[in-house]
Amino acid sequence: MTLVPCIDQLKSIQFELYKITPSSPLKVTLCLGSSCHSRGNRRHVETLRRLSAEGDLEFELTGSLCLGRCSEGPLALFDGVAFPIGPDCDIAALVREHLAARVPS
Ligand code: FES
């Protein structure tokens, strides 16, 4: 009989947890109110549409009316959580980061 140290068992369990993938695609919502639209989300929409068409990343893109936080815009929601993303952000990189950070629901 071989005894397995507890730390090795924990590593094994952690490895298995990391293999679980979320069952639904990442939901990305861009605020398309006039302020966010003119301050960067117009370009971000085009970038994400192109990224979605390429099919490399799995996410669901929607738009929203003004979220009432115009001074922080442009805003994006990732799985329903709002982030001020700035006009010059790399939106594709943000989507990749959020996909990588997702935990199973
Ligand atoms: S236009 Fe986006 S929060 Fe108002």
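The values are calculated or read from the model by the stated rules, or taken from the named source; none is laboratory data. Everything numeric in this text was worked out from a predicted model, so none of it was measured. Heads up, the Cβs are rebuilt from the backbone with ideal geometry, glycines too, and the neighbour counts pull from every protein chain shown.
Residues being of a type in the set (Val, Ile, Thr) and either over 18 Å from Lys27 (Cβ atoms) or surrounded by 15 or more Cβ atoms within 10 Å (Cβ to Cβ) (or both): count how many of those fall in the stretch 48-96. Qualifying residue count, the stretch 48-96: 3. Per the conditions (1) surrounded by fewer than 17 Cβ atoms within 10 Å (Cβ to Cβ); (2) at pLDDT 95 or above, the sole criterion not satisfied by Cys31 is (1).
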